[in-house]
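What follows is a single structure, written as structure tokens, with notes after it.
Every number in this text was worked out from the coordinates using simple rules, so none of it is lab data. Given the structure is predicted, the values throughout are model-derived calculations rather than measurements.
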Amino acid sequence: MAETAEEKVEERERVLDTPMDKEFDWAKKDDTTPVRDALWDHYMEADGRDTMKTEAKMHPYLDMSNDEVAANAEKLLKN
């Protein structure tokens, strides 16, 4: 049976909506911030709190695979 559009979106955004501590073993143990929010916060700080710039940088994540999202998040957020 073919996946519905909702199922495809749900699968595609799984990493974005997963808490940091559940997705990455290097994240703080109690960091329940969704990956999406952690990325947003990172870009907001890097862009001088410019929402439009941050939104433009976040938009490509909606078309990335889970592996791409995870790799980019690790590259940007891992200390």
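Before moving on, here are some points about what is shown:
- Under Stokes-Einstein, with the Kirkwood radius over Cα pairs as Rh, the value for the stretch 5-77 at 37 °C and 0.692 mPa s is 262 µm²/s.
- The value of relative contact order for the stretch 5-77, using C-alpha pairs under 8 Å at least six residues apart, is 32 percent.
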